[in-house]
Amino acid sequence: MATTTTHRHSGTAEATAGGLTAFAAVLLFIAGVLDLFRGIMAIANDDVFVNTPNYVFKFDLTSWGWIQLVLGVIAMCVSAGLFTRATWARVVGVGIAGLAIIANFLSIPYYPVWSLTLIAMYAFVIWGLCVVRRER
């Protein structure tokens with residue numbers, strides 16, 4: 001005989017889920033703004049970044065600035081979707097945060113403290129978006 005179970009979420013669980021999604025949205029927006037500013041810095045003036053001649057990954061900082069700028073703008077747009085609790089925004093938010101972690105890892109030698117800070121912020125965004133169950 002088959003039995004069916006229904007899961008009922010308490011008001012506390014739903015409030016926690018909404019709080020984590022809002023936390024991830026705010027953190028994604030802040031990290032996106034920081035990536036946007038970093039991209040503008042790299043495009044406008046390459047002299048603010050440290051030159052590392054013996055680094056394995058060598059990039060043109062102007063093109064790298066455009067990559068950071070685009071990732072920052074996309075992150076800010078996705079955070080707007082997260083405030084509406086859209087499922088697509090959660091999926092895209094995890095993807096953008098993962099790409100931004102990779103991008104910031106590759107730029108550690110040029111701006112180490114800022115890169116590590118953004119890696120931590122994007123990791124918290126991924127955690128905040130993945131720990132919440134999907135809404136019905």
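Just so it is clear, none of the values below were taken in a lab; they were calculated from the coordinates. For clarity, every value in this text was computed on a predicted model and none was experimentally measured. We place every Cβ from the backbone using ideal geometry, glycine too, and count neighbours over all the protein chains shown.
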Practice prompt. Could you tell me which numbered condition Val132 fails, if it satisfies all but one of (1) under 15 Å from Phe29 (Cβ atoms); (2) in contact (Cβ under 8 Å) with a residue 24 or more places away in the chain; (3) of a type in the set (A, V, I, L, M, F, W, C)?
Written response: (1)
Discussion item. Condition check: in a helix (DSSP H, G or I), in contact with a Leu (Cβ under 8 Å, 6 or more places away or on another chain), under 24 Å from Met41 (Cα atoms) and not basic (Lys, Arg). Does Ile96 satisfy that?
Written reply: yes
